[in-house]
Structure formats: C-alpha cells, structure tokens
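To start, the structure itself, in structure tokens.
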Amino acid sequence: MFDTGVRQQFAAFPVWAWGQRSGVSLAVLLPVLVFFLQWQLWYAIQPYAWFLFYPTVFFSVLIGRLRGGILATVISTLLVWFVFIPTEFSFAIQSPWAMLSVVVFFASGIGFSFFYEHIYQRQCQAARKAGDARFQLLFEQAMDGVMIAGAGGAFYRS
C-alpha cells in the first residue's frame, strides 16, 4: 500500500548504497576475486577446494540477493571444478566423490540463495504491515478529521 522504506531498512547491504545492478555485479565479481586469492594460497590449502568459496557464495547472496547468489554459485562451481578439482584444468572428474562435492556445493549455494530471498521477502512484508498499522493508527486516534485527496479531488481516505 504505502512505501515505508522497507527495501532499504531490511537489506543486508542497502540498495541505496549502490544500485541493484551494482549489487549483482559485485556479487559476481566476488567469486572471481576469491578465485585469484585461492590460486595464490593453493599450496597452503590444497586439498580443500571449496574452503573459501562457501563464504563467498553466502556473502554474494547478501550483496546481490537471489540473482547475485545464483550467478555467484554457478561461477564458483565452474571455477573450482575446472581449476582446483583433480584432474586440474579439465571438467573431467577422477572419482565420484569429487562429483558429489560439486553437487553439494551447487545445491547449497542455490538453496541458500532461495532461502535468503524468502526471508528477505518475509521481512519486507512484516515491515510493510507494521508501517500500514502505524498509518491506520493516525486515522483512528486523530482528534480532528483527516482526509486524503488525490490530485483530481477524489477522496481516498477519510
């Protein structure tokens, strides 16, 4: 009904700080940056290919919401699968356990993306209802008459 600034109020990283496209762009850029970081640190964390990418996908969801989370999950999955899982620099997989790790990571990223979007929508809906309730109290507790009229003179609320 009435905009109460819910979008800015409940976002982990508010949209007013940057546009929605910028949030998705940053969410997509984050896995690429972490890829280069892991590439430099690969000698120290070598058997753990997904070590830095789980938190990356979770932060990407917070920054880019559903679209950013899904794109970050796909990019992270393909980068790790191609570069860090044996056989390196190939999409061929030596063992079924490696394929299981790819599927678990992909499902976790997609699931978390949809879960966070659901929570975000619920928070927005609750805040919108609270804003509408405060607006309704204005009419119910006013000592004087309160009327809202449109530009054409039609009354919307009295």
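Quick rundown of the values:
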quantity	calculated
128, 134 arranged by Cβ crowding within 10 Å, fewest neighbours leading	134, 128
Stretchable slack from residue 149 to residue 135, in nm (0.36 nm times residue separation minus alpha-carbon distance)	3.5 nm
Pair residue 46, residue 115: separation of 7 Å Cα→Cβ label points (nm)	3.3 nm
Burial ranking of peptide ranges 117-126, 88-97, 30-39, 69-78 (average Cβ count within 10 Å, highest at the top)	69-78, 30-39, 117-126, 88-97
Inverse mean reciprocal Cα-Cα distance (Kirkwood Rh) of segment 6-157, Å	18.3 Å
Separation between Cα centres of segment 120-134 and segment 73-103, rounded to whole Å	42 Å
Ranking of 116, 43, 54 by count of other Cβ atoms within 10 Å, fewest first	43, 54, 116
Order of 99, 147 - criterion: other Cβ atoms within 10 Å of each residue's Cβ, fewest first	147, 99
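None of the figures in this text is laboratory data; all of them are computed from the coordinates on show. If you're wondering where the values come from, they're calculated on a predicted model, not measured in any experiment. Positions of Cβ are generated from backbone atoms using ideal geometry, with glycine treated the same way; all protein chains shown enter the neighbour counts.
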